[in-house]
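Participant: Questions regarding the structure given below will be posed in turn.
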Amino acid sequence: MRFYARFILTVFLLLPLLRVPAAEAITYTDVSSGHKYYPAISALSEGGTVRGYADQSFRPNNTINRAEAVKLLVEMNFPAMVVEGALREHIQRGHWYVNLPDVLISDWFGPHVEIAFANDIVRGYPDNTFRPGNPINFAEGLKIILKAYGIDAQPALFQPSQLLYVNSEDWFAP
């Protein structure tokens, strides 16, 4: 399972390298220039997509949760002004949550989940929750990456795999 979490983190960190221009490096106390993810972490930091923690650390070995994953994808694919205005209608209507009852208007990830929900990147669980603090698993991460970049996996032919433990009935089989 740890492999999948690292794979997802690597994908999230490497995608923006194609789109972020080089600038002065931002440093973190726990990411040296020799760290294997240093180029990707620097690019995301310079582009403003990630900011690290208040103690100047990045914590590159932490598991990424669902809220963090959605935030990264939304900030890489939508302009800042879209994120800033994402909750305007909810606030005007007096809503206290954003489409899914466990994502509050006041949550730091609220605008990102609103954008992801409105653009069919995320839908939540069958019980209508998002569970933002849950670690994102491989299937969820891959699904939102494909959705965020407009890649339709439906035409892919399903090939059962005992190695990957994927059954044709699984929601993530496509």
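Participant: Mind ranking His95, His90, His35 by accessible surface for me, highest first, 1.4 Å probe? Mind dumping the intermediate values first?
Facilitator: Details: His95 80, His90 20, His35 45 Å².
I get His95, His35, His90, largest accessible area first.
Participant: Given the Cα-Cα distance of Ser33 and Ile91 and 0.36 nm per residue of separation, how much length would full extension add, in nm? Write out the running numbers ahead of the final one.
Facilitator: Numbers: separation 58, 0.36 × 58 = 20.88 nm, distance 4.27 nm.
Net length gain for the segment: 16.6 nm.
Participant: Read phi for every residue in segment 72-85 and hand back ³J(HN,Hα) as whole Hz from Karplus 6.51 cos²θ - 1.76 cosθ + 1.60, θ = phi - 60°, with x for Gly and Pro.
Facilitator: Result, ordered by residue: 4, 5, 5, 5, 7, 10, 10, x, 4, 5, 5, 5, 4, x Hz.
Participant: Give me, ordered by chain and number, the residues 5 or more places off Tyr97 or on other chains with an amide H under 5 Å from its own placed amide H.
Facilitator: Counting only residues 5 or more places away or on other chains, the set is Ile105.
Participant: Something else: Can you spot the aspartates and glutamates whose alpha carbon is less than 19 Å from Lys147's alpha carbon? Ignore those fewer than 8 places along the same chain.
Facilitator: Glu68, Glu75, Glu114, Asp120, Asp170
Participant: Right, here's the next one. Which whole-Hz ³J(HN,Hα) couplings does segment 97-105 yield from phi under the Karplus relation 6.51 cos²θ - 1.76 cosθ + 1.60, θ = phi - 60°, glycine and proline marked x?
Facilitator: 9, 10, 6, 10, x, 9, 10, 7, 4
The values are calculated or read from the model by the stated rules, or taken from the named source; none is laboratory data. Nothing here was measured: the structure is a model prediction, and the numbers come from that model. To get the accessible areas, we keep the full protein, side chains included, count just its heavy atoms, and leave off ligands, DNA and RNA. Shrake-Rupley method; radii C 1.70, N 1.55, O 1.52, S 1.80 Å.
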